[in-house]
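The values are calculated or read from the model by the stated rules, or taken from the named source; none is laboratory data. Please read these numbers as outputs of a predicted model, since none were measured by experiment. With ideal geometry, Cβ positions are generated from the backbone for all residues, glycine too; neighbour counts draw on all protein chains shown.
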Amino acid sequence: MLFMDALKALQEGKYVARAEWKDAGKYLVFMPGMLAVWQILTQPNPNAGNYLFLMDDFLASDWEVMEKVEAKKDEPVAE
């Protein structure tokens, strides 16, 4: 989908991501009461912060709505 469609999805409270971000565990969300779009990272270390859109993001056609977002669980460490 195009950026404008992804922006509309964000306004509807959905999570969006670029196709190239799938393996990186990265998606965007617009949190109620906040003025910025947040980038959420689920791996390797969960993290969040404001997202600065690039011209490549505006022109991209690979935006997707994320149906369900889950952090990957680390494998147990053998002792």
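Values for this structure:
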{"read-out": "Residue list for region 1-18, filter: loosely packed, with under 12 Cβ neighbours inside 10 Å and at negative phi", "value": "Met4, Gln11, Glu12"}
{"read-out": "Failed item, numbered, when Ser61 is tested on (1) loosely packed, with under 13 Cβ neighbours inside 10 Å; (2) at pLDDT 95 or above; (3) not in a loop (DSSP other than H, G, I, E, B)", "value": "(3)"}
